[in-house]
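*Asks:* Before I ask anything, here is the structure I am working with.
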Amino acid sequence: MARAHKVILAYSGGVDTSVCIPYLKQEWGVSEVITLAADLGQGDELEPIRQKALDSGASISLVQNVQEEFIRDYAFPSIQANALYENRYPLATALARPLIAKILVEAAQEYGADAVAHGCTGKGNDQVRFDVSIAALNPKLKVLAPAREWGMSREETIAYGEKYGIPAPVKKSSPYSIDRNILGRSIEAGILEDAWQEPPEEIFDFTKAIKDTPDTPQYLELSFDGGIPVAIDGENLAPVTLIERLNTIVGNHGVGRIDMIENRLVGIKSREIYESPALVALIQAHRDLESLTLPKEVTQYKLGIESTYAQLVYNGLWYSPLRSALDGFVQATQERVTGTVRLKLFKGTAQIVGRKSPYSLYNEELATYTSADQFDHKAAEGFIYIWGLPTRVWSQIRTHEH
Ligand code: ARG
């Protein structure tokens with residue numbers, strides 16, 4: 001029996017997703033495959049990809065540019081949440097999946113498809129993010145994942161494709177598995193699987209090697225309005241342009257590389273290399289502006305929210321009641337996160353060297369050690385008496401016991 005009749009397949013142009021097309025039709029009895037390639041700023045040429053899907057047997061090949069939505073509705077909320085998985089990974093890949101799921105579900109609706117499909121294998125996080133996001137948006141839709149079931153090796157996959165007119169990759173395929181979009185690159189496999197091996201310079205693209213970065217520091221001003229990045233060096237920029245420009249400026253100084261062993265949702269530890277210059281700089285600057293504009297209790301409470309937020313994005317729960325609830329909290333904190341942060345980029349580092357805001361809570365007259373000091377020193381004594389009371393009582397009892 002056919003697994004589905006009409007399928008919308010998430011398409012990247014690579015071997016696996018191309019082979020999915022004949023596989024769905026031949027092995028799973030699907031009568032029509034419509035492909036959908038999301039343009040997330042991965043830098044590929046999309047016209048050849050669109051054509052390749054048709055050559056591989058797709059009835060319709062869709063390409064959708066969703067870069068602006070990606071930045072505005074996925075990256076910006078995540079920056080406002082300072083979301084870093086396990087304190088380091090700024091989630092470039094993870095954030096793209098719910099958006100791809102969304103446009104797949106929309107296309108299924110528009111074209112009357114009874115299933116959507118993706119080319120993920122059974123070992124990674126991305127299959128979870130797709131399946132769960134699709135289920136959240138339309139629980140009636142079937143999700144097919146041929147590569148999770150077909151059990152073919154790389155060579156077998158290529159051979160299968162060739163039978164159906166899908167050419168083997170021309171250049172010797174890279175030993176690495178790379179996911180790329182406008183927010184960054186995620187690189188794994190090849191010699192990187194040896195966690196002791198230093199990543200070879202050739203894997204990087206968004207960030208320069210330290211030996212090639214400028215020998216003089218560059219100052220960079222990042223401005224936010226209500227927690228949203230709006231300007232670079234005083235120039236207001238639309239979301240996509242802002243991210244692109246920042247990737248270039250920050251990457252040029254070798255900033256934004258991350259080499260980490262991370263805990264995947266499926267329980268495997270994996271070694272992943274990331275480069276996400278714009279996101280790394282924006283989260284760092286945003287966090288600093290919050291430290292200037294948010295009250296103490298909010299800053300400190302938000303830290304816990306941030307790590308939960310990052311975990312949830314990583315674990316495929318973008319469309320979840322918890323994310324809405326956490327976003328409610330985050331949004332409520334952002335109104336006054338407006339101002340500018342000054343960074344100094346130099347040889348792989350982005351140091352924050354200044355910040356200002358019309359809503360700054362930093363009060364120089366309270367903080368100063370000069371004669372301008374307005375802080376009531378005498379008040380400290382009574383405060384410490386009460387603050388230290390439990391400790392004093394505890395200590396007295398303990399002293400009596402000995
Ligand atoms: N580990 C990252 C994540 O789960 C990236 C996954 C894709 N990485 C890759 N090299 N293909 O979001």
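The values are calculated or read from the model by the stated rules, or taken from the named source; none is laboratory data. Remember, it's a predicted structure, so these values are computed and weren't measured experimentally. Ideal geometry is used to build each Cβ from the backbone, glycine not excepted, and the neighbour counts take in all protein chains shown.
*Asks:* Determine whether Ala195 is within 16 Å of the ligand (Cβ to nearest atom) and of a type in the set (A, V, I, L, M, F, W, C).
*Replies:* Here the answer is yes, as Ala195 does meet what is asked.
*Asks:* Follow-up. With Val313, Val280, Val255 as the choices, which residue is within 13 Å of the ligand (Cβ to nearest atom), farther than 24 Å from Tyr362 by Cβ, buried (at least 19 other Cβ atoms within 10 Å of the Cβ) and not polar (S, T, N, Q)?
*Replies:* Val313
*Asks:* If you go through the range 106-128 one residue at a time, do you hit one that is modelled with pLDDT of 95 or more and within 26 Å of Pro277 (Cβ to Cβ)?
*Replies:* Yes, the range 106-128 contains a residue that is modelled with pLDDT of 95 or more and within 26 Å of Pro277 (Cβ to Cβ).
*Asks:* Condition check: touching a residue at least 24 places away in the same chain (Cβ under 8 Å) and either away from the ligand (no atom under 16 Å from the Cβ) or surrounded by fewer than 18 Cβ atoms within 10 Å (Cβ to Cβ) (or both). Does Asp16 satisfy that?
*Replies:* Judged against the criteria, Asp16 is not a match.
*Asks:* Please report, ordered by residue number, the strands (runs of 3 or more DSSP E) entirely within the range 1-100 with at least 2 residues that are among the acidic types (Asp, Glu).
*Replies:* Hits in the range 1-100: 32-39.
*Asks:* How many residues are farther than 12 Å from Gly14 by Cβ and not aromatic (Phe, Trp, Tyr) if we restrict to the range 150-166?
*Replies:* Residues flagged as farther than 12 Å from Gly14 by Cβ and not aromatic (Phe, Trp, Tyr) within the range 150-166 amount to 9.
*Asks:* Can you give me the number of residues within the range 235-245 that are in contact with a helix residue (DSSP H, G or I) (Cβ under 7 Å, 6 or more places away or on another chain) and either touching a residue at least 60 places away in the same chain (Cβ under 8 Å) or over 13 Å from Ile71 (Cα atoms) (or both)?
*Replies:* 3
*Asks:* Quick one: Ser186 ticks every box in (1) more than 21 Å from Val66 (Cβ to Cβ); (2) surrounded by 15 or more Cβ atoms within 10 Å (Cβ to Cβ); (3) within 16 Å of the ligand (Cβ to nearest atom); (4) in contact (Cβ under 8 Å) with a residue 60 or more places away in the chain bar one, so which box is it?
*Replies:* Only one criterion is unmet by Ser186, namely (1).
*Asks:* Out of Pro175, Pro146, Pro139, Pro167, report the one residue that is closer than 25 Å to Glu275 by Cβ and either of a type outside the set (Gly, Ala, Ser) or within 15 Å of the ligand (Cβ to nearest atom) (or both).
*Replies:* Pro175 is the lone residue from the list that is closer than 25 Å to Glu275 by Cβ and either of a type outside the set (Gly, Ala, Ser) or within 15 Å of the ligand (Cβ to nearest atom) (or both).
*Asks:* Residue by residue through the range 234-279, note down the ones that are in contact with a strand residue (DSSP E or B) (Cβ under 7 Å, 6 or more places away or on another chain) and of a type in the set (A, V, I, L, M, F, W, C).
*Replies:* If the condition is that a residue be in contact with a strand residue (DSSP E or B) (Cβ under 7 Å, 6 or more places away or on another chain) and of a type in the set (A, V, I, L, M, F, W, C), then Leu237, Leu242, Leu246, Ile249, Val250, Val255, Ile258, Met260, Ile261, Ile273, Leu279 are the ones that fit.
*Asks:* Would you be able to tell me the number of residues in the range 205-218 that are under 18 Å from Phe346 (Cβ atoms) and assigned to a loop (DSSP other than H, G, I, E, B)?
*Replies:* Result for the range 205-218: 9.
*Asks:* Test of understanding: among Ser61, Ser153, Ser56, Ser78, which residue is polar (S, T, N, Q) and modelled with pLDDT under 95?
*Replies:* Ser153
*Asks:* Filter the range 258-277 down to residues that are charged (D, E, K, R) and more than 19 Å from Glu306 (Cβ to Cβ) and give me whichever is nearest to the ligand (Cβ to nearest atom).
*Replies:* Glu272
*Asks:* Further question on the same structure: I need the full set of residues from the range 87-127 which are buried (at least 20 other Cβ atoms within 10 Å of the Cβ), farther than 21 Å from Ala75 by Cβ and more than 10 Å from the ligand (Cβ to nearest atom), in order please.
*Replies:* Once the filter is applied, which keeps residues that are buried (at least 20 other Cβ atoms within 10 Å of the Cβ), farther than 21 Å from Ala75 by Cβ and more than 10 Å from the ligand (Cβ to nearest atom), the range 87-127 yields Ala107, Ala108, Ala113, Ala115, Val116, Ala117, His118, Gly119, Gln127.
*Asks:* Go through (1) within 15 Å of the ligand (Cβ to nearest atom); (2) assigned to a helix (DSSP H, G or I); (3) not basic (Lys, Arg) one by one and return the number of the condition Gln300 breaks.
*Replies:* (1)
*Asks:* How about the range 315-369: which of its residues are in contact with a Phe, Trp or Tyr (Cβ under 7 Å, 6 or more places away or on another chain), basic (Lys, Arg) and in a loop (DSSP other than H, G, I, E, B)?
*Replies:* Selection gives Arg336 alone.
*Asks:* Looking only at helices (runs of 4 or more DSSP H) that lie completely in the range 104-169, which have at least 1 residues being closer than 18 Å to Lys25 by Cβ?
*Replies:* 146-149, 154-163
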